[in-house]
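Only one structure is covered here, and it is reproduced in the block below.
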Amino acid sequence: MIKGDSVPTHQFRPFSSFFRALLVGIFLTSAAFAANPTVESPAPPILPKQFAGWQLEGASQPSKDAAVADPANAALLKEYGFTDVESASYKSDDGRSLKIRAARFADASGAFGAFSFYLQPEMASEEIGDRGASLGRRVLFFRGHILVDAAFSQESVMSAAVLRELAGLLPRPGGNLGTLPPLLTFVPHHGYVANTEKYAEGPVALGAIESPISAELVDFNTSPEVLLRQYSTPSGAATLILIEYPTPALSAAHLRNIEAAYHAPQSKTGVAEVENVGPFFAKRTGPIVAIVAGPLSQGDAQTLLGAVNWDASVTWNENTYFDKKNNVANLLVNIILLCIIVGAISLAVGVAFGGVRVLLRRYFPGRVFGRSGQTEFISLDLADSPPTPSAAPRTGSIGPSKSA
């Protein structure tokens, strides 16, 4: 039997339950922190207090109401993913004033769509932000997911340079939110009429850009994207419409519907119509339906359609949420931190338990530890031992006895 000084095991069961509950609580808290490390914070301000010698006059006016940005087209802005707007007035050292209205959208596609809606053919192109245009004292540009409409009190040759510095100070979207629509990579450039590009993500915008294809035929329930451009060909003006669907099968089905609607009698009820804009030519390339309409020859139409070719390159257009909140690497880091915390707590508890026991045995011998009525543990003596000799049995002979 092995004997030693110890405290009875049952005296420490409450402490063991406490430490187990503590560790479970730490684990659950760390897991919750790893799953949601940050609390949703308000969006940062859009406009800076000063830039390129211009100082903010008063306080900016932020709002989440699309009607504040544009009362007449609030529904269209919401369709593009409008989130908030900020208006501000600036003054320069020479007394000039500048009024800015900056609208923020969910992604760069929404900002580009709104920019294309406000873009006018008579505007001059400007290298500001991702794209820019100007007309007199007004300058329109977008950078990332922010659309800026600026109006100077006086025209100046330095207006574009001033706004380029402002564009560099605007907040940028995270992850793939700053990616422009992939449709822009498939449009032909030869013969394009400047500033006629229009982009739609819903029926309101499609109606605003005067598309010859109705929203019913486009079918926005399948999440398509529409890009419309005007072209000049030797035989006449042409409208090119690109409709990108999520899959090639959807694009093939919708192309059949569009061609059937175009060839159907106009008086037939219950059938969506294609606006009569002259000759009509269409084709499908991958998930894209390409349509050319207008008073042009078949040869020019086929040339324009032939310049639209989809390839199987991978382009991220949807948000992958690669940020601090939705990041696998961040989850792994928090798991490692959890292991370190649990290990440190276990080490501290072990050192404290052992140290207290040593001190008690040293300064209070026989009072807490080492009492005779306490046994460290119960053991069974299973060692081999030699058999105990037993008494010799009585022996006798069986047989005829010999007489003396």
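Extension gain for the segment LYS78 to ASP311, taken as residue separation times 0.36 nm less the Cα-Cα distance, is 80.7 nm to one decimal.
Can you send over the carbon and sulfur percentage of the accessible area for the stretch 52-163, probe radius 1.4 Å, protein chains only? Carbon and sulfur together cover 49 percent of it. Spin-label model, ALA208 to LYS64: label points 7 Å out along the Cα-to-beta-carbon direction sit 2.1 nm apart.
For every other residue with a beta carbon closer than 13 angstrom to the beta carbon of LEU304, add +1 if it is Lys or Arg and -1 if Asp or Glu, then tell me the sum. After counting each charged neighbour, the total is +1. In a simple Cβ point-charge model (Lys, Arg +1; Asp, Glu -1; nothing else charged), the stretch 122-187 has a dipole of about 160 debye relative to its Cα centre. Accessible surface ranking for ARG229, ARG96, ARG361, ARG138, 1.4 angstrom probe, highest first: ARG361, ARG138, ARG96, ARG229. Full extension of the chain between SER297 and VAL328 yields a length gain of 5.6 nm, computed as 0.36 nm times the residue separation minus the alpha carbon distance. Label positions at HIS189 and GLN154, each projected 7 Å from the Cα along the C-beta direction, are separated by 3.8 nm.
At 1.4 Å probe size, put MET158, MET123 in order of accessible surface, largest to smallest. List each step's numbers first, then the result.
Working: MET158 110, MET123 15 Å².
In descending accessible area the options line up as MET158, MET123.
Per-residue extension of 0.36 nm, minus the Cα-Cα distance of ILE340 and SER232, leaves a gain of 32.1 nm for this segment.
Taking all protein chains as they are arranged and a probe of 1.4 Å, the heavy atoms of GLU216 leave approximately 130 Å² accessible to solvent. Over the stretch 104-161, what is the relative contact order in whole percent, taking alpha-carbon pairs under 8 Å and six or more residues apart? Reported relative contact order: 32 percent.
By a 1.4 Å probe calculation restricted to protein chains, TRP310 has an accessible surface near 90 Å², given to the nearest 10.
The values are calculated or read from the model by the stated rules, or taken from the named source; none is laboratory data. Quantities reported herein were computed from a predicted structural model and do not represent experimental measurements. A quick note on method: Cβ atoms are made from the backbone with ideal geometry, for glycine too, and the neighbour counts reach across all protein chains shown. The area values use the complete protein model at the heavy-atom level, side chains included, leaving out ligands, DNA and RNA. Shrake-Rupley method; radii C 1.70, N 1.55, O 1.52, S 1.80 Å.
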